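Below: the structure, in structure tokens.
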Amino acid sequence: MLRYLSAGESHGPSLAAIVEGMPAGIEVDIDLINDILQRRQGGYGRGGRMAIENDKVEILSGVRNGVTLGSPITLRVNNRDWENWKEIMCPYKGAKIQEKVVTKPRPGHADLPGAIKYDQKDMRNILERASARETAIRTAVGGLAKSLLKKYHICSVAHVVRIGKIEVKEVDYEKLKLMGTEIYNTPVYCSNPEVSQEMIREIDNAKSQGDSIGGIFEVVVGNLPVGLGSHVHWDRRLDGRIAGALMSIQGIKGVEIGLGFEAATLPGSKVHDEIYYSEEKSFYRKTNNAGGIEGGITNGEILRVRAAMKPIPTLYTPLKSVDFITKEPFEASIERSDTCAVPAAAVVGDAVVAWEIAKVLLEDFKGTI
């Protein structure tokens, strides 16, 4: 079984993951992993933290001469900002913890429920791990999964389809396919240049008001074999697993596959994909409203899954809150933040989807990988 555990705090020395179950003999494309980490740091609307960090993965075990050994793989991404926090975040006695105490919970963050659940008076002990900085190591893990998928010519790309009120009305999937990873050289990872400029203006407008803005991204996976996933148990349905993985990303509030929520507004005759057959193509569809999954199983069509990200809850014009200790009303504390992280979230989304595909691939084709 392919699995991993991650560890690390936002301002700690590093983020790390131990990956277990990766087969021996897989060529690890470390440049691919580092490219994905760089994409996660990009996208218009990112804040000051990304000007500090220069994320690169270190492989500490489980790989020799660029090839997996079959033993646990240890990945590490160092935090350059640790230099500014090492006295405050020091794991040993004597840390200057009083210098950066957080007692004012930010609406929309894990600060308050986390402090109550874990009985913490200093909410920094919650926000350091709840921070989206944690997605850096998850992105590296997803990059490792992509090395496995690459062997089987399974490819994926993520792109932004909406920021605030600005939306790509119709996605040209042939153009997207031709663009491939070149889409990450565009400002907001959007395939439509005109819409991209409108999205940039939407982000600038939010920033000028000290506000933040969310949006929707889509992950597209091609060349999937028929039969990944299963209908027989709830936890083996691939759509459920992918939705759960995407919902685990900080800030994601909704997931849809294929037509998604729109399917609820249409009659069945406009929703379900008619089935055809030819000697050349075997079974195929002319439409893909199902998004490549039927009954929890891949059907041979392109996988299309979208995720909605809420606006970043840390605002430069803070919302009202209440001090956790004194119970007095205050404006919520400000941590360094992005105006919009939807493009970055798209990259993380691509990574977690790749991980789920790699997992199910190993489960369903065990012994033939």
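Laboratory data are not the source of any read-out in this text; all were calculated from the coordinates shown. Just so it is clear, the structure is predicted and the values come from calculations on it, not from any experiment. Every residue, glycine among them, receives a Cβ derived from its backbone with ideal geometry; neighbour counts consider all protein chains shown.
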Three-way shape label, the range 41-104, alpha-carbon gyration tensor, a/c 1.5: oblate
Under 24 Å from the Cα of K169 - lysines, other chains or at least 8 residues apart: K177, K253, K270, K286, K310
5 angstrom amide H check on G70, placed H, neighbours 5+ away: A24, G25
With Cα atoms, 0 to 90° folded angle of helix 30-41 axis to the chain main axis: 60 degrees
Whether the range 174-255 is rounded, prolate or oblate, judged on the alpha carbon gyration tensor where a/c under 1.5 counts as rounded: oblate
Options [x] 1.11; [y] 0.94; [z] 0.98 - which one matches Rg/Rh (Cα atoms, Kirkwood Rh) as calculated here: [z]
Cα shape, the range 103-238, gyration tensor, a/c 1.5 rule: oblate
Distance (nanometres) between label positions extended 7 Å along Cα→Cβ at E83 and Y316: 2.5 nm
Two-site FRET efficiency, K117 against K270, from Cβ-Cβ distance with R₀ of 51 Å, rounded to 0.05: 0.70
Cα-centred dipole magnitude for the chain, charges only on beta-carbon of K, R (+1) and D, E (-1), debye, nearest 20: 720 debye
In degrees, nearest ten, helix 342-364 long axis to first principal axis of the chain (Cα): 50 degrees
Selection from G62, F330, G143 lying farthest towards where the dipole of the range 3-364 points positive, charges on Cβ: F330
Theoretical gain in end-to-end length, S208 to L178 [0.36 nm per residue, Cα-Cα removed]: 7.3 nm
The range 217-268-the range 123-184 distance, computed between alpha-carbon centres (Å): 15 Å
Contour minus Cα-Cα distance for R201 and K93 (0.36 nm per residue): 34.1 nm
Potential extension, K253-T326 segment - 0.36 nm per residue separation minus Cα distance: 23.1 nm
0 to 90° range, to nearest 10: angle between helix 238-247 axis and the chain longest Cα axis: 20 degrees
Computed FRET value (nearest 0.05) for N185 with H153, which takes r as the C-beta separation and R₀ as 30 Å: 0.80
